[in-house]
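*Asks:* First, the structure itself, so that you have it in front of you.
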Amino acid sequence: MNVLLLIDLQNDFMPGGSLAVSDADEVIPIANAMMKRVDLVVATQDWHPANHGSFASQHADCKVGDLIELAGLPQIAWPDHCIESTMGASFHPALNVDDIHHIIHKGTDPKIDSYSGFFDNGRRAATGLHHYLQTQGAIHLHVMGIASDYCVKFTVLDALSLGYQVTVDLDGCRGVELTPGDIDLAVQEMSKAGASVQT
Ligand code: VGL
Ligand code: ZN
């Protein structure tokens, strides 16, 4: 069974969005084509309450990009993004949502962030993705989406630790690159952990 995992293909990560990732919209046609070639499509959505603790706006004297602490973990302060049920949290309008079989929301707890589609950043709560994939008998996951250096990376690392075989389709990914080189580092980390990275 071939499973495609689409990570956070949401308006706020697209050019013009509040946490815009360069050229993120270029992956939409790639995702649409890939959906036709797999048996099961699961998509994640970053889905924050308006008071989410990862937002710089929720902390005194805090600006976007600052390193803060949240739930006892180091946390980058992000601009407000992907607020539940808003346009910013919606899928890119050109994404073929009819081909998505299951959607997983993450980052719903205001007190902790969740880059991975499987667990929050403290690995305290599961999102339900692993459970769902188990019910479907998933073994091999193809992963693509936004952002290579955050949500794609942490989803891939968790998937490997849970025992899935993982292929990352790099042409279907774009990254934030707060620091130049972050995407390359993420790719190295994912392949070192056992992912097959396809360019
Ligand atoms: C993401 C930063 C904050 C992502 C989500 O989807 O990679 N990055 N929230
Ligand atoms: Zn987020």
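We did not get these values from a lab; they are worked out from the coordinates using the rules stated. Just so we're clear, the structure is a prediction, and the values are computed from it rather than from any experiment. Heads up, the Cβs are rebuilt from the backbone with ideal geometry, glycines too, and the neighbour counts pull from every protein chain shown.
*Asks:* Evaluate the following for V21: is it touching a residue at least 60 places away in the same chain (Cβ under 8 Å), in a strand (DSSP E or B) and within 22 Å of A159 (Cβ to Cβ)?
*Replies:* Judged against the criteria, V21 is not a match.
*Asks:* Quick one: is L5 of a type outside the set (F, W, Y) and buried (at least 22 other Cβ atoms within 10 Å of the Cβ)? Write out each step before concluding.
*Replies:* Values: of a type outside the set (F, W, Y): yes; buried (at least 22 other Cβ atoms within 10 Å of the Cβ): yes.
It is true that L5 is of a type outside the set (F, W, Y) and buried (at least 22 other Cβ atoms within 10 Å of the Cβ).
*Asks:* I would also like to ask the following. Would a scan of region 63-73 turn up a residue that is farther than 22 Å from R174 by Cβ and touching a helix residue (DSSP H, G or I) at 6+ places or on another chain (Cβ under 6 Å)? So that I can check it myself, show each step before the final result.
*Replies:* Step one: filter region 63-73 for residues farther than 22 Å from R174 by Cβ, giving 63, 66-73.
Filter once more, keeping what is touching a helix residue (DSSP H, G or I) at 6+ places or on another chain (Cβ under 6 Å): 63.
Yes: region 63-73 contains one or more residues that are farther than 22 Å from R174 by Cβ and touching a helix residue (DSSP H, G or I) at 6+ places or on another chain (Cβ under 6 Å).
*Asks:* Only one of (1) within 16 Å of ligand 2 (Cβ to nearest atom); (2) surrounded by fewer than 21 Cβ atoms within 10 Å (Cβ to Cβ) fails for G137. Which number is that?
*Replies:* The number of the failed condition is (1).
*Asks:* What's the total number of residues in region 128-163 that are more than 21 Å from D23 (Cβ to Cβ) and away from ligand 1 (no atom under 16 Å from the Cβ)?
*Replies:* So the answer is 17.
*Asks:* From the list A125, A186, which residue is surrounded by fewer than 16 Cβ atoms within 10 Å (Cβ to Cβ) and either closer than 27 Å to D66 by Cα or within 16 Å of ligand 2 (Cβ to nearest atom) (or both)?
*Replies:* On the way: A186 fails: surrounded by fewer than 16 Cβ atoms within 10 Å (Cβ to Cβ).
Within the list A125, A186, the selection yields A125.
*Asks:* Okay, next question. Counting only residues that are within 15 Å of ligand 2 (Cβ to nearest atom) and not in a loop (DSSP other than H, G, I, E, B), which one in region 92-118 is nearest to I68 (Cα to Cα)?
*Replies:* Out of the qualifying residues, it is K106.
*Asks:* If V64 passes every condition in (1) over 15 Å from the mean Cα position of the chain (by Cα); (2) more than 13 Å from ligand 1 (Cβ to nearest atom); (3) surrounded by fewer than 21 Cβ atoms within 10 Å (Cβ to Cβ) but one, which one does it miss?
*Replies:* V64 satisfies every listed condition except (2).
*Asks:* Is it the case that V197 is without any contact (Cβ under 8 Å) to a residue 40 or more places away in the chain, more than 21 Å from D46 (Cα to Cα) and not polar (S, T, N, Q)? Full working, then the answer.
*Replies:* On the way: without any contact (Cβ under 8 Å) to a residue 40 or more places away in the chain: yes; more than 21 Å from D46 (Cα to Cα): yes; not polar (S, T, N, Q): yes.
Against the criterion (without any contact (Cβ under 8 Å) to a residue 40 or more places away in the chain, more than 21 Å from D46 (Cα to Cα) and not polar (S, T, N, Q)), V197 qualifies.
*Asks:* Would a scan of region 140-149 turn up a residue that is surrounded by fewer than 15 Cβ atoms within 10 Å (Cβ to Cβ) and away from ligand 2 (no atom under 16 Å from the Cβ)?
*Replies:* So in region 140-149, the residues surrounded by fewer than 15 Cβ atoms within 10 Å (Cβ to Cβ) come out as 140.
The next check asks that each one be away from ligand 2 (no atom under 16 Å from the Cβ); those that pass are 140.
Looking through region 140-149, at least one residue is surrounded by fewer than 15 Cβ atoms within 10 Å (Cβ to Cβ) and away from ligand 2 (no atom under 16 Å from the Cβ).
Yes/no matrix, rows are residues, columns are (1) under 15 Å from the mean Cα position of the chain (by Cα); (2) free of Cβ contacts under 8 Å to residues at least 40 places away in the same chain; (3) closer than 25 Å to A24 by Cβ:
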{"site": "G107", "(1), (2), (3)": "yes, no, yes"}
{"site": "S116", "(1), (2), (3)": "yes, no, yes"}
{"site": "R123", "(1), (2), (3)": "no, yes, no"}
{"site": "A126", "(1), (2), (3)": "yes, yes, no"}
{"site": "H142", "(1), (2), (3)": "yes, no, yes"}
{"site": "S148", "(1), (2), (3)": "yes, yes, yes"}
{"site": "L170", "(1), (2), (3)": "yes, yes, yes"}
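*Asks:* Evaluate the following for D169: is it assigned to a strand (DSSP E or B), of a type outside the set (F, W, Y), surrounded by fewer than 24 Cβ atoms within 10 Å (Cβ to Cβ) and out of contact with any Cys (no Cβ under 8 Å at 6 or more places or on another chain)? So that I can check it myself, show each step before the final result.
*Replies:* On the way: assigned to a strand (DSSP E or B): yes; of a type outside the set (F, W, Y): yes; surrounded by fewer than 24 Cβ atoms within 10 Å (Cβ to Cβ): yes; out of contact with any Cys (no Cβ under 8 Å at 6 or more places or on another chain): yes.
Yes; evaluated as a whole, the condition is true for this residue.
*Asks:* Select from region 74-98 the residues that are out of contact with any Asp or Glu (no Cβ under 8 Å at 6 or more places or on another chain) and closer than 15 Å to D113 by Cα and write down the one among them that is surrounded by the most Cβ atoms within 10 Å (Cβ to Cβ).
*Replies:* W78
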